[in-house]
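Q: The structure under discussion is supplied below as structure tokens; questions concerning it will follow.
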Amino acid sequence: MVNGEGNVGAASERIYGNISSGGNHVEATNPNSQILICPNCGSSKSYRFGKRTLSNGAKVQRFKCTVCSSIFQEKNIRMSRTFNACHVSAEKAKNMSNHTKTESVLVDTETYLTEYHLNMKINGYAEATIQLSWGILELLKKRGANLNEPNSVKKVISEQNWSGNRKRNVINAYSQLLKYLGKPWEEPKYTVIRKIPFIPTEQEIDDLIAGCYPIVATYLQLLKETGMRAGEAIQLHWKDVDLQRKIITCNTPEKNSNPRMFNDLSGKLLTMLNQLPKENDLLFGLRTVNSIKALMVRCRAKQAFKLGNPRLKEIHFHTLRHWKATMLYHQTKDILLVQQFLGHKSIENTELYIQLDKQLFKNISDDNFIIRAVNTIEEATQLGEVGFEPFMVIQGVQLMRKRK
């Protein structure tokens, strides 16, 4: 446990509510309780919804949320990727040594996985990175890999129908675990290919936003206008939003990016943000990326069917970041501006949008400008303030232009 009980308890409060024993409705507060807060909408009100029998004969309790009607099960308490609240402490794991020899391998695995991820947190790894590591290692175990045997892990990885990028992520996560345990292994080789992302039209994005619940629509509109990553947006606080000056500040960048500010916000987004319920200091309350994603996927399927446009199903949270960067480069042709806007520290990550712009707009004339003639410095200054740039002098008259 990191820094005693305090930090883990604080993290638990964000996931678990208060327990209430009245009737069948329950609200979980204790990580050891059998009740979850709904992983879909964040509500703490649910009721028991029968039991499910697993392939090994074990039974797990299922629950149904009274707010969004989502069904989830008792297993989520143990398998949740939220590290602090849902995994036993290192001290508790160390006390698991009194089991039988048959159970010892499983117990030891759980012990060092818990200690390993606690060590990651102590060493400053982001919560999202720890959750991703947990998810990958748990998935390997679920697919039959023995984490104590590198060859067993290699075999499982080779049998999966994963892309080279996905396999590389799994290999990296397992390599980090072996490094912590002090065990060597020879990493399998897989080709990593950076795929060209799907770029929808603005109309398709707006169609999706129009068909979502207000909280999801606000989240999507925010991603569309700022190009933030999903994890960056979910960590925004109300103090980061200045509705009067129309500014949003991202002070919790992910993937070692730079902090940044966004001040070109539409009135639509400002209105939607102003209508959000102020549940706590966080802009989106206790909701998580996964809970908003679950709602979005549901709305996306309905909207795709309603409009007869299956392309809507290809829109994900990160798609909006790619779309914003591509449109920004197309409008400005300034790759350094796009790099700064996205927070990239390396311009190599931003050069992708030059290729996207060339392919998406190769049949569209680049000469789509508004042109103005100026005769005085005052006129040039006024036009320059609204985005016009000088480009040609004809018969002593300076011409300035701006993309439509």
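The values are calculated or read from the model by the stated rules, or taken from the named source; none is laboratory data. Worth saying up front: this structure is predicted, and the values here are computed from it rather than measured. Positions of Cβ are backbone-derived with ideal geometry, glycine not excepted, and every protein chain shown enters the neighbour counts.
Q: Does Arg311 satisfy the condition of being loosely packed, with under 15 Cβ neighbours inside 10 Å, in contact with a Pro (Cβ under 8 Å, 6 or more places away or on another chain) and either hydrophobic (A, V, I, L, M, F, W, C) or in contact (Cβ under 8 Å) with a residue 60 or more places away in the chain (or both)?
A: yes
Q: Looking at (1) part of a helix (DSSP H, G or I); (2) among the basic types (Lys, Arg); (3) within 28 Å of Arg321 (Cα to Cα), which is the only condition Arg194 fails?
A: (1)
Q: Further question: Would you mind stating whether Met228 is among the hydrophobic types (A, V, I, L, M, F, W, C), free of Cβ contacts under 8 Å to residues at least 40 places away in the same chain and more than 20 Å from Glu138 (Cβ to Cβ)?
A: So Met228 does not fit the description; no.
Q: Additional query: Of the residues Leu320, Leu337, Leu356, Leu383, which single one is outside the structural domain of Thr249 (by TED's automatic domain parsing) and either hydrophobic (A, V, I, L, M, F, W, C) or assigned to a helix (DSSP H, G or I) (or both)?
A: The conditions single out Leu383.
Q: Would you mind telling me which numbered condition in (1) polar (S, T, N, Q); (2) touching a Lys or Arg at 6+ places or on another chain (Cβ under 6 Å); (3) in a loop (DSSP other than H, G, I, E, B) Gln131 fails?
A: The failed condition is (3).
Q: When you check Asn309 against the structure, is it out of contact with any Leu (no Cβ under 9 Å at 6 or more places or on another chain) and not assigned by TED's automatic domain parsing to the domain that holds Asn256, yes or no?
A: no
Q: Looking at the stretch 301-313, which of the residues that are farther than 19 Å from Tyr213 by Cα and in a helix (DSSP H, G or I) is farthest from the chain's Cα centre (by Cα)?
A: Step by step, filter the stretch 301-313, then rank; the result is Pro310.
Q: While we're on this one: Can you pull out the residues in the stretch 249-278 that are free of Cβ contacts under 8 Å to residues at least 24 places away in the same chain and farther than 17 Å from Ala128 by Cβ?
A: Hits for the stretch 249-278 are Thr249, Met261, Asn263, Gly267, Thr271, Pro277.
Q: Right, here's the next one. I'm told Gln339 meets every condition in (1) touching a residue at least 24 places away in the same chain (Cβ under 8 Å); (2) within 20 Å of Leu223 (Cβ to Cβ) except one. Can you identify the failing condition by its number?
A: In the conditions (1) touching a residue at least 24 places away in the same chain (Cβ under 8 Å); (2) within 20 Å of Leu223 (Cβ to Cβ), Gln339 misses (1) alone.
Q: Take the residues in the stretch 164-185 that are assigned to a loop (DSSP other than H, G, I, E, B) and in contact (Cβ under 8 Å) with a residue 12 or more places away in the chain, then tell me which one is farthest from Met120 (Cα to Cα).
A: Our first condition is that a residue be assigned to a loop (DSSP other than H, G, I, E, B); within the stretch 164-185, this holds for 182-185.
Filter once more, keeping what is in contact (Cβ under 8 Å) with a residue 12 or more places away in the chain: 183, 185.
On the way: Lys183: 17, Trp185: 20 Å.
Checking each candidate, the answer is Trp185.
Q: Another one. For the stretch 227-266, what are the residues that are charged (D, E, K, R) and buried (at least 20 other Cβ atoms within 10 Å of the Cβ)?
A: In the first step, residues of the stretch 227-266 are kept if they are charged (D, E, K, R); the result is 229, 232, 239-240, 242, 245-246, 254-255, 260, 264.
Listed by number, the residues that qualify are Arg229, Glu232.
Q: Which one of these does His316 not meet: (1) within 26 Å of Leu208 (Cα to Cα); (2) more than 22 Å from the chain's Cα centre (by Cα); (3) surrounded by fewer than 19 Cβ atoms within 10 Å (Cβ to Cβ)?
A: Condition not satisfied by His316: (2).
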